[in-house]
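Read-outs throughout are calculated quantities, based only on the coordinates presented, and are distinct from any laboratory measurement. What you are looking at is a predicted structure, and each value in this text was computed from that prediction instead of being measured. Ideal geometry is used to build each Cβ from the backbone, glycine not excepted, and the neighbour counts take in all protein chains shown.
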Amino acid sequence: MRELSLNVMDVAQNSITAGASLIEIRVEEDRKKGELVIFIIDNGKGMSEEQVQRVIDPFYTTRTTRKVGLGVPLFKMEAEMTGGDFSIRSKLGEGTEVRARFCTSHVDMIPLGDIDDTIVLLISCNPDRDFRFVHQVDGAKVELDTRQLREVLGEDVPLNAPDVVQWMRGYLQEQAEECLQGGAST
């Protein structure tokens, strides 16, 4: 994949397929350390140790529409190519945590891409799920939690309503600009 945000989308889609009702996506950037860490944590059905080992195999997939599953193996490869690392922790009936750490100064580091748009797309395409997104850059933080949005909006306004989608996109963009400038964000 040409952008890490596409890997995030792919792994989050796995969480949705696993029945997760809450998916947390955290992106932590530390410019001084030259490190980017991405976490995707869900409360889906989880996996056994054997399944965790098989999921990093590109020739294993639970899908019936194709014979290979490249999303997780590519994410792992991209992290390791930069000198970083990759891990999956999962427990049956409790959920899964995927962690990918990248060394940002490495020549093989691919761009993060438009992570904000990826998050908005995940939310708007899956309005029945909850997402918590945290993007931290050198201590400054942007956060969006659909559970809080639901409290404010009430039951009658879906998260994929055009005005809500537009607001989320603008909010994340505004907060990201403040975050990158080193200002205090939510």
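Based on DSSP H runs of at least 4 residues, each adding -39500 (n - 2.57), what is the mean residue ellipticity at 222 nm of the chain after dividing by all its residues, to the nearest 500 deg cm²/dmol?
Result for the chain, helices only: -11500 deg cm²/dmol.
Counting DSSP beta bridges with both partners in the chain, what percentage is antiparallel, nearest 5? Don't jump to the answer; show the numbers that get you there.
Numbers: 29 of 37 bridges.
If we restrict to bridges inside the chain, about 80 percent are antiparallel.
Give me C125, C103, C179 sorted ascending by neighbouring Cβ count inside 10 Å, so fewest comes first.
Lowest to highest Cβ neighbour count: C125, C103, C179.
Please check: in the Gaussian network model of the chain (C-alpha springs, under 10 Å), which one of E155, E174, E28 has the largest mean-square fluctuation.
E155
Which one, G84, F131, I56, projects farthest toward the positive side of the charge dipole computed for the chain from Cβ point charges (K/R +1, D/E -1)?
Looking along the dipole axis, the top candidate is I56.
By counting other Cβ atoms within 10 Å of each Cβ, how are K76, K32, K45 ranked from fewest to most?
Ranked by crowding around the Cβ, least crowded first: K32, K45, K76.
Please name whichever of G34, M168, I16 sits farthest to the positive end of the charge dipole of the chain, dipole taken about the Cα centre and charges placed at Cβ: Lys and Arg +1, Asp and Glu -1.
The listed residue farthest towards the positive side: I16.
Dipole of the chain, Cα-centred, from +1 at each Lys and Arg C-beta and -1 at each Asp and Glu C-beta, to the nearest 20 debye?
640 debye
Report relative contact order for the stretch 4-180 in percent, whole number only (criteria: Cα-Cα under 8 Å, sequence separation at least 6).
24 percent
Tell me whether the stretch 4-180 comes out rounded, prolate or oblate; compute the Cα gyration tensor, take square roots of the eigenvalues as a ≥ b ≥ c, and use a/c under 1.5 as the rounded threshold.
Oblate, because a/c is 1.5 or more while a/b does not exceed b/c.
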